[in-house]
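This report refers to the structure that appears directly beneath it.
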């Protein structure tokens, strides 16, 4: 009990920090949902994740099953999205491909987080010379487009999904570091952290309590955009042959395979492309919505003299 | 040349932030709009000139020489802005375009309304700069805003507002963002310019003491409504509304001589 | 100003150095034996050894690195493992496809994004403004490859206006045909990159709308729109220049994929082929050139930005 106040004779418990934190978390989720972009993003992510999970256990047809006699079927029954040049059901292929998409997005997200946090921490918490060199290093690494990193790794170890995941992870991890490092430094040097230290909290507890609400929003936004980049990267790299191996179903690979039939059956290419576009769009919009929902300046209510200015967003780099 | 505001309203989305404000500014008079922050005084000023931010809608009536400004198309309003009614804003740091010289910005007013050429406008800019007592006018017109001090920037902003000799000047907290030592200078400058030209003035502030130096009548606003309107001397000596009394308490009386404007 | 240029230059050189080390290390430090990979599974130890000698793989790493860098200063970026041809000459030859492609794409992206971006910001809240904004978002989410495919379907297969693939053998000696074969690829990259740039232009314009000096300009007697265009946009232009560096990186990346799709004999397609073939010396040289290019563009953009913005001219 951190301090009781007395109101009209009855002791009233002051709200403790934890429940206040929980309430805070729900408000921004609610705010997220209230934005149309947030709704769209969350729905897309939910649909794709659900499809990936379902596809693990069931798809309308075996995606690998070849059936020459029913090739190039138009969308209808039983092949809801039609079939490709070898008779494989496109819907099943898409569903199976979503697993790869989710894997790549989550995998690169994890790696980007680890690398980003590590670099940001190095860049903010350590001795001056180390901080400066990390800053310079990060600025230089930014110049390496994800695709270039991927090709570098592929040249040596051959292409694979791991290559995609690591390349996006490194590429975006560096980005995350660049964006979170100033926030980190700002918080570290801010008055309330120093005050916290004075009131006797251990440094780690202190940091965590003040760090999270300030750094987390920026971080989550970057992560969302980063995952969008991951999906695009997977598509492009798989198309080029450096991503998913032929044995794994992937949307990018599908694009490559269906390309040859463009003159005969152009419609088939539509589906994997739409799938990728929607997923990327959903993740991008989710990032935008997260930014709006967690922006502390906006949460203070709208200032009538100064309508919310469109903040300059980081322009995520294109991979494919 | 008079301004008559009747039942002015400003809505931002669902909220009514200015709710039925009325006052008059007869030719040559100096009226103060006073209130705490958030009382709607700045929005009132912006509404008069059609400069409300996106999403804010004005209603009611603003008559300028029997012309209705509310609802007037922007193209027409633009001919009035700067030429007949000038406005100076609170924050000199952001009011000037950072990538244009002072001279060009002052000159732009006259080029718009009087059709002067670039060279003529430049000469005029020098003249206006000297009128607001900017140091070394010939050189200063070639400077950029970031090269000037806060007080100098505000002088430049005043020059921009008055370059075409408008009949009415609206000053929205012109000294609030300035150093205390500069505030007095700027106020004196404004007063002398207004008196010299016989301009009408609408002076917006939250400080009753400042108002007492420069205005003859005061309109007290709270939450977008007028709570009291009276000569400044009455506001100072016998305020009727508790709001006014609160403002009186907060007034920074130390720098100013007591009493109303001459 | 001089001091700033020198600092930036030093950083550029440092960047190039770090990039070269990274590229070198990644490509030379292998879990497997590259010589073995090249020689094949049925090779004898002597053959493998011969290849190692030829590649200079027996020397200590730092020496190998210095040899490579030394060669670069002489203009020699190495030679292909498979064909022995000089990397420099191949790059020069393929550049005649990729460089025009890049320039055309960038031009299209800028022409496309700036007017539409500004328009969508000015019409914010109204139907057409929202439509533009949503459209840009959707386009920016499209994988470049797929956009290319769709364009091919529409313009090459259905309408037959432009070629679906290839670059004329005569190269730029037949400028009309060369241009035609680059048009669709450039359109693809330009529009997708442009959509991304458009989102940025839109935010920058919206920020400009809220700026006080735009309001002051309107207060002087400009219409609100004129105030935005005359005072707000130049500041928007300034911010766009900052992002231009990122755009170029995106275009390079787009070119790699698009050249593959359209079978254009450019640097991108060559890179893909070389990576697939594990022609490491060649890949090394090509990657260095590409990253070097991105770094140099970043450097130039920095300088231009600095020169144009009067606020920064005096600051040291």
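Across the residues of B:75-87, average count of Cβ atoms on other protein chains within 10 Å?
4
If you average 1/r across every pair of different Cα atoms in region B:1-139 and take the reciprocal, what Kirkwood value do you get, in Å?
17.0 Å
Quick one: Debye curve from the alpha-carbon atoms of region C:90-196 only, equal weights, vacuum; give me log10 I(q)/I(0) at q = 0.17 Å⁻¹ to two decimals.
Evaluating at q = 0.17 Å⁻¹ gives log10 I(q)/I(0) of -0.85.
Based on the Kirkwood radius over alpha-carbon pairs, what value in µm²/s does the Stokes-Einstein equation return for the translational diffusion coefficient of the protein assembly as shown at 20 °C and 1.002 mPa s?
Rounded, D is 68 µm²/s.
What is the Cα radius of gyration of chain C over 2.2 N^0.38 Å, N being its residue count?
Normalised Rg, Cα atoms only: 1.22.
Between residue B:181 and residue C:273, what is the label-point separation in nm under the 7 Å Cα-to-beta-carbon projection?
It is 7.4 nm.
Under the definition of partner shielding as Cβ atoms of other protein chains within 10 Å of a residue Cβ, what is the mean value for peptide A:111-121?
0
Could you work out [θ]222 nm for the protein assembly as shown from helices alone, using -39500 (n - 2.57) per DSSP H run of at least four and dividing by all its residues? Round to the nearest 500 deg cm²/dmol.
Taking each H run of at least 4 residues, the total per residue is -20500 deg cm²/dmol.
Quick check: the angle from helix B:180-197's long axis to the longest principal axis of chain B, C-alpha only, nearest 10 degrees?
So the helix axis and the longest Cα principal axis differ by about 80 degrees.
If the elastic network links every pair of Cα atoms under 10 Å, which of C:147, C:19, C:170 fluctuates the most in the Gaussian network model of chain C?
Looking only at C:147, C:19, C:170, the biggest GNM fluctuation is shown by C:170.
Using alpha carbon coordinates only, what is the Rg to Rh ratio of region A:25-97, with Rh defined as the Kirkwood radius?
1.22
In Å and whole numbers, how far do the C-alpha atoms of region C:207-316 stretch along each principal axis, longest first?
On the principal axes, region C:207-316 reaches 66, 37, 17 Å in Cα extent.
For chain C, calculate the relative contact order in percent as a whole number, restricting contacts to Cα pairs under 8 Å that are 6 or more residues apart.
Averaging sequence separation for qualifying contacts and normalising by length gives 26 percent for chain C.
With both partners inside the protein assembly as shown, how many of the DSSP beta bridges are antiparallel, as a percent to the nearest 5?
Expressed as a percentage, antiparallel bridges in the protein assembly as shown total about 60.
Normalised by the residues of chain B, what does the relative contact order come to in percent, with Cα pairs under 8 Å and at least six apart?
Once divided by the residue count of chain B, the mean separation gives 25 percent.
Could you sort C:202-213, B:134-145 so that the peptide with the highest average Cβ count within 10 Å comes first and the rest follow in order?
Descending mean neighbour count gives C:202-213, B:134-145.
Give me D for region A:97-171 in µm² s⁻¹, whole number, from Stokes-Einstein with Rh from the Kirkwood sum over alpha-carbon pairs, 25 °C and 0.890 mPa s.
The diffusion coefficient I find is 184 µm²/s.
Using only Cα atoms and rounding to the nearest 10 degrees, what angle (0 to 90) does helix C:127-140 make with the longest principal axis of chain C?
Rounded to the nearest ten degrees, it is 10.
Mind pulling up the Rg/Rh value for region C:186-266? Radius of gyration and Kirkwood radius, both on Cα.
Across region C:186-266, the Cα-based Rg/Rh ratio is 1.20.
Can you tell me the 0 to 90 degree angle between the C-alpha axis of helix C:233-261 and the longest principal axis of chain C, rounded to 10?
Rounded to the nearest ten degrees, it is 40.
Could you work out how far the C-alpha centroid of region C:171-240 sits from that of region B:75-112, in angstrom?
Centre-to-centre distance over Cα atoms comes out at 25 Å.
Where does each of A:177-189, C:1-13 land if you order them by average Cβ count within 10 Å, highest first?
Going from most to least packed, we get A:177-189, C:1-13.
What nm distance separates the two modelled labels at residue C:161 and residue C:2, each placed 7 Å from Cα along Cα→Cβ?
Those two pseudo-labels are separated by 5.4 nm.
Would you mind computing Rg(Cα) / (2.2 N^0.38 Å) for chain B, counting N as its residues?
The reported ratio for this selection is 0.99.
Roughly how crowded by other chains is peptide C:266-274, in terms of the mean Cβ count from those chains within 10 Å of each of its Cβ atoms?
Neighbouring Cβ atoms belonging to other protein chains average 2 per residue here.
Every number here is computed from the coordinates shown, using simple stated rules; none is lab data. Owing to the predicted nature of the structure, the values given are computational and were not obtained by experimental measurement. We place every Cβ from the backbone using ideal geometry, glycine too, and count neighbours over all the protein chains shown.
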